[in-house]
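Below is one structure, written out as structure tokens, with a few remarks after it.
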Amino acid sequence: MGVTLSRAIQWSSDGEKLENSSLNNDILTEILLFTEEFDDRYPEEAKIQFSEPLQWKTSLEASDFTSDIYDTRGELAVSLECGDKGHPLLQLSPPDITVHSFYHLSNLLQLGKDKKMKEVWACLEVNREPMKNIFGPISPTIHEDRLFNILRQLDEKLLSIAVRPITGEGRLSPAAVDTEVDLLKRFCGTGENRVLKTVRYTSDYVFSNGCRSPPWRQMDGEICSLIIETCDTEPTLFITCNTSGVFLDESVKRANFGRQFEHTQFESKVIPVHVEVYKDIITLLKNKSAHFAAAADEQDSAIQDVPSAKKIVHVETVDVEETGQTLKSYDHEEKNVPEKARQQLVRNKPGGRKKKLEPSLKWKNLGLTSSYDEAEEKARRSRESKKMLEHGTKSPASENKKKAIISGSSLPGCQSSQKIRSPGGADDFSESSSEDEEDEEQSERRAEIPTDLPSEYWQIQKLVKYLKGANQTATVIVLCALRDFNLVQETCQLAIRDVGGLEVLINLLDTDDIRCKIGSLKILKEISCNSQIRQTIADLGGLQTMVSILDSPDKELKCLAAETIANVAKFRRARRTVRQHGGIKRLVELLDCVPDGASLSGERERDAEVARCGALALWSCSKSTRNKESIRRAGGIPLLARLLKSSQKNMLIPVVGTLQECASEKSYRIAIQTEGMIEDLVKNLSCDNQELQMHCASAIFKCAEDKHTRDLVRQYDGLKPLVMLLNEAENKQLLAATTGAIWKCSISLENVA
């Protein structure tokens, strides 16, 4: 957010407001998505306090701050968490708001809902250099160094967005440079008749816009840099290609020219005033190498026709969808075509569909296909191969018929950009270690519907259509009919989704009829095991409604809502939604029952089932670091400790599962020790359920960081059952958890014996 905001963001003519342009929208959308998920991705860095707070005029009100980490009094809202100097880390006094950390900045955007883009816009209009607010005028400290690197990765990504429209009318383009370089390589060799010795790029990495220079240099129009060895010039020619032309870079030394692209500093290399600029590479070589100029005159017909920046008129139309490029790239490339040619292209377009301009086949026939196109083709084939391996090998004929799936953000105005590797080799915005496992659902993929669909698919679609216009009695009957189908089958699940059944089922949760709610939840519980269904339920706001149902006096409704939440909350966004709408506190309240042995009856049995379902939902939610803390603050630890005394396996599995997830936090490890849960974990190592044994061993593995815990495991005779579990060689998960627990316990010499 440093270089990009100062150089790429577009301001109004008076310089006071951000201009409402597509480039600004793309940059601000990327900042919004990054900031909104910052606290989940980087929980430790999110707590670092800014050197100076971010302040702006907000459209939010105190009523928007519904989270339990804020205290609202009338029109004012403050965070319960205070900074080093005793001031709240977020303070709202309409219309002014002050934020001191990414933790509260992220929360603010999540609570802002439809106002969040407006908030980002207002914040950046006032805080034009947010990096100075975050780190102050001096360099970041060692403690802040990782945060600095994370923000630098964001800045590189913003730069890659900002440099997309690299070409313009009458300017040199990456395609023209590639064509020229490919042609020049044909004249390289080792024989006596060679024209050039070598022609090579300084960087093999090609950005999505065809450039090879780092993004911060592309901001100045730089396309790439070349090293060309001629037969009669010394030293080697170091050439830089810019949209304004080609020039000889005499300031660069042989030793560091190839390494300059590895630098991570945001340096820029503009065209020096005193340097002579040429229209293309061949013109420059003719002026610098007499040998090349003589050879060029002899082969004039082969070289003189190279399409330079001012003479790219040989174009053909190629379908945009076929090449996988965005329509924006077409808009910029078409500017290079003379008006007459452009009109001819428009007349040739069927139905007015936009076409992308490509070099004519005349150049392809000469073998001058650019290396960029070849790299793109290889990448495309690699992606197709991976898809075939993931979804099962299909015949070439069916693959040819398959339509391209456009992946990316579902937010309007957000465009997916090519991922840039960070200097350390990690991908942009990499996950935090605690969030790696199963955190992010893949982008929704519309499965290809086969032509031979079973009859159940069409029967379900008919029932869902009846459901849309039925009265209460008919609705209950249709819901019962739907439950007669095998809803675990993917075909049946997708049949409900494809005809709009999920919207209907979620709407039924808002009705006053208990039977409709129960029928709808029973279906949603079954079909939410599908990852696509989970994501759609979250998109439609189903989680918010289910969280509110947890307050219902009807215990069956509570159970169904909690079980469905457990299924849906398998990815980060869903877990965050549950937390933001008070779901963690409500789920913890469901745990409040007294299990008194293996046999329960009547009301207590129903209470135990409610607690079991609540534990299932908390187990799913506990994969998020923030949710672990929310469970602890809501008083979940003593309730989990009480449920751990139960003898019912179906109760113990989600309870121990939740504890072993939370045991990665030090506060939980201390609580598990002080609440006497180690004895219960050791006791359940000897049960006859391997899944329960695995979770107990995993919990012991995490808790045995502390010497007192290791001693307790030995005192409660936990070492023997752990060693016995090593015989279960077929169950790899159980074996891994057991091995980890023994390894940690063996840190104490008393346990080794």
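The values are calculated or read from the model by the stated rules, or taken from the named source; none is laboratory data. It should be emphasised that the depicted structure is a prediction, and the values quoted were computed from it without experimental measurement. Don't worry about glycine lacking a Cβ; one is built from the backbone with ideal geometry, like all the others, and counts go over all protein chains shown. Calculation scope for accessible area: heavy atoms of the full protein, side chains included, ligands and nucleic acids excluded. Shrake-Rupley method; radii C 1.70, N 1.55, O 1.52, S 1.80 Å.
List of remarks:
- Ellipsoid equivalent to region 152-245 - semi-axes via the Cα gyration tensor, in Å: 29, 13, 11
- Interchain or long-range residues, amide H under 5 Å from Ser208's placed H: Gln418
- Taken over region 44-126, the alpha-carbon convex hull comes to 91 cubic angstrom per residue.
- Entries of Lys85/Lys702; Lys47/Lys517; Lys465/Lys623; Lys116/Lys157; Lys522/Lys720; Lys468/Lys585 with Cα pairs more than 32 Å apart: Lys85/Lys702; Lys47/Lys517; Lys465/Lys623; Lys522/Lys720; Lys468/Lys585
- Overall form of region 505-608 per C-alpha gyration tensor (a/c, 1.5; a/b vs b/c): prolate
- Our Cα-only numbers for region 491-539 put the radius of gyration and Dmax at 10.3, 31 Å.
- Surface composition of region 552-635: carbon and sulfur atoms hold 45% of the protein heavy-atom accessible area at a 1.4 Å probe.
- Applied to region 32-43, the Karplus parametrisation 6.51 cos²θ - 1.76 cosθ + 1.60 on θ = phi - 60° returns per-residue 3J(HN,Hα) values of 4, 4, 5, 5, 4, 9, 4, 5, 7, 6, 10, x Hz, with x for Gly and Pro.
- For Arg200 and Lys732, the difference between the fully extended length at 0.36 nm per residue and the C-alpha to C-alpha distance is 186.5 nm.
- Net charge of Cβ neighbours under 15 Å - reference Thr739; Lys, Arg +1; Asp, Glu -1: +1
- Computed over protein heavy atoms with a 1.4 Å probe, the carbon and sulfur contribution to the accessible area of region 683-723 reaches 48%.
- Extension gain, Asn20 back to Glu675 (0.36 nm per residue minus Cα-Cα distance, nm): 230.1 nm
- Region 204-255: trypsin sites (Lys or Arg not before Pro) in DSSP loop, at most 15 other beta carbons within 10 Å: Lys253
- Extents of region 609-747, taken as max minus min of Cα coordinates on every principal axis and listed largest first, are 37, 29, 24 Å.
- Nonlocal amide H pairs with Ala77, under 5 Å, H built at 1.01 Å: Leu92
- Residue-count net charge about Asp688 - beta-carbon cut-off 14 Å; Lys, Arg +1, Asp, Glu -1: 0
- Segment Thr72..Asn650, full-extension length gain: 204.0 nm, with 0.36 nm per residue of separation and the alpha-carbon distance subtracted.
- Accessible surface, per residue, of region 626-753 when the full set of protein chains is kept, probe 1.4 Å, Å²: 45
- Asp280 long-range amide H proximity, modeled H, under 5 Å: Val246
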